[in-house]
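Presented below is the structure to which this report refers.
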Amino acid sequence: VDWINGVKHPCIVYEKETESAQFNTPKNKAKEASSYLQFLSDHYHNLPQHVAFTHGSNTSWHHRGYLRNKLNMASLPMTESYRSLNRNRLNSIVKHPQHFMPHLPMYWTEVLEKYFGPLETHGDFTIGYRGSAQFLVPRSVIQSRPRHLYEELYNWTMTTPMEDFWSSRMLEYTWHVLFEIDRFPLLSTAPD
């Protein structure tokens, strides 16, 4: 991840299963999702004005150009509550259920339903969104959700028997749900 030396914003790199690392995710579960969620839990009260969540590669098939340049050229402050850095569009959960079933209903019921209501009430909620494993989000949006939500999601990634491919994909399909606060408001009965 030497490319982050050219990023003009402060960077934190979480390693996996490296006890000697300053920032370490103890188990390599759910790909990048577990590290993102650990960061949100660890730094919830001490976040910068904007946070970029990225993979460790400067170039990749899911984003055009160099990630370093995208981060350096991002127009800040953001006017939106969430911005994907990727180019691939998410599949429709209605037209392409093979990409989601049976994992999405299990994940949603286990973690998200108490915050956002039943999955069925959100319709085809992936339409119009890009694959979300790399994104920018303002601190105010992150903190508009309770820290407990990120902690619960992190614990789910660490303990679910779901294969990493699927558990990481469930987060990839729902990061926008966490951060599009106007489209996906919390239930009034959601845990604090």
Among the lysines, select those whose C-alpha is under 20 Å from the C-alpha of LYS70, and discard any that sit fewer than 8 residues away in the same chain. LYS8
For segment 144-157, Karplus couplings with θ = phi - 60° (6.51, -1.76, 1.60), whole Hz, Gly/Pro x: 6, 9, x, 3, 4, 4, 5, 5, 5, 5, 4, 4, 4, 4
List the relative contact order of segment 1-61 as a percent without decimals, with contacts defined as Cα pairs under 8 Å and 6+ residues apart. 24
Where labels lie 7 Å past Cα in the beta-carbon direction, separation of ASN24 and GLU110 in nm: 2.6
THR25 long-range amide H proximity, modeled H, under 5 Å: GLU15, LYS16, GLU17, THR18
Keeping all protein chains in the complex and leaving out DNA, RNA and ligands, what accessible area do you get for SER20 with a 1.4 Å probe, in Å² to the nearest 10? 110
Cβ-Cβ FRET estimate between LEU187 and GLU80, R0 fixed at 25 Å, reported to 0.05: 0.60
Give the cross-link partners of LYS16 among the lysines, using a straight C-alpha distance below 18 Å as the criterion and excluding same-chain residues fewer than 8 apart. LYS27, LYS29, LYS31
Cα gyration tensor, segment 39-192 - rounded (a/c under 1.5), prolate or oblate: oblate
Amide N proximity, segment 104-132 versus TRP166 label position 7 Å along Cα-to-Cβ, cut-off under 14 Å: 104-110
Packing-based order for 119-128, 38-47, using average beta carbon neighbours within 10 Å, highest first: 38-47, 119-128
How would ILE93, ILE181 rank on accessible area, largest to smallest, probe 1.4 Å? ILE181, ILE93
With the crude spin-label approximation of a point 7 Å out along Cα→Cβ, what separation in nm comes out for VAL13 versus TYR66? 1.6
So how tilted is helix 32-43 from the main axis of the chain? Cα-based, degrees 0 to 90, rounded to 10. 80
Rounded to the nearest 0.05, what FRET efficiency do HIS148 and ILE127 have when you use their Cβ-Cβ distance and R0 = 41 Å? 0.90
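The values are calculated or read from the model by the stated rules, or taken from the named source; none is laboratory data. If you're wondering where the values come from, they're calculated on a predicted model, not measured in any experiment. Note: ideal-geometry Cβ built from the backbone for every residue, glycine included; neighbour counts use all protein chains shown. These area figures cover heavy atoms from the full protein model, side chains too; ligands, DNA and RNA do not enter into them. Shrake-Rupley method; radii C 1.70, N 1.55, O 1.52, S 1.80 Å.
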